[in-house]
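Heads up: the structure comes next, in structure tokens.
Bear in mind that the values in this text are calculations on the coordinates, not laboratory data. Note that the structure is a prediction, hence the values are computed from the model and not measured. Don't worry about glycine lacking a Cβ; one is built from the backbone with ideal geometry, like all the others, and counts go over all protein chains shown.
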Amino acid sequence: MSADLDNDKAFQTALAQLWARLGKITAFSFSASNGPGSRTNWRGHGRGEVAVTSDEGNLIFSEQAEYTDGDGHKIQLQNRYRWSRDDNAIRLEHLRREEPVLLFALAPVTEHGFREVAAHHCGDDIYTAELLLHKDQLELIWQIHGPRKNERLHYHYW
């Protein structure tokens with residue numbers, strides 16, 4: 001099936017499979033790293049819980065985690081994300097101060113792999129993403145490139 005997602009049924013099946021899995025998420029871990037040219041100190045790892053609620057056909061992820069930065073400092077983090085589905089993609093929005101900011105629309109490129117439909121631009125920064133469905137987890141990898149940034153955020157949801 002990975003060779004032909006032009007088939008509408010295969011495309012819709014992949015979207016439905018991801019949507020069903022998103023509704024069952026309860027925990028996550030992530031790592032942040034920066035590459036050559038990055039002028040940020042966004043590196044470290046975290047682990048936490050996800051409370052998933054449904055809101056008008058959307059899924060709201062309320063994430064709480066303890067993040068340990070590269071210097072060993074522990075920081076409590078909270079984020080809210082909204083996932084929504086249409087016929088062509090699953091959208092991920094950051095609910096910053098309850099205002100949605102579209103990060104990505106993810107469309108299937110294989111039976112178990114998704115990629116952003118279009119890169120997200122935030123000022124001079126460009127965000128891209130891919131999501132992989134594994135048997136017991138979802139893996140979401142963001143890349144952020146800009147004049148001051150070369151970062152990778154690697155999430156695992158289960």
**Request:** Mind running the shape call on the range 76-158? Use the C-alpha gyration tensor, a ≥ b ≥ c as the square roots of the eigenvalues: rounded below 1.5 for a/c, prolate if a/b tops b/c, oblate otherwise.
**Result:** rounded
**Positive dipole terminus of the chain, leading residue within 131, 27, 12 (C-beta point charges)** = 27
**Request:** In whole Å, largest first, what are the principal axis extents of the Cα atoms in the chain?
**Result:** 48, 32, 31
**Asked** For the range 8-157, what is the charge dipole size about the Cα centre, in debye to the nearest 20, if Lys and Arg each add +1 at the Cβ and Asp and Glu each add -1 at the Cβ?
**Response** 260 debye
**Segments 41-52, 146-157 sorted - mean Cβ within 10 Å per residue, highest first** = 146-157, 41-52
**Prompt:** Gap in Å between the Cα centre of the range 22-84 and the Cα centre of the range 114-129?
**Reply:** 18 Å
**Message:** At a 10 Å Cβ-Cβ cut-off, how would you order 26, 128, fewest neighbours first?
**Reply:** 26, 128
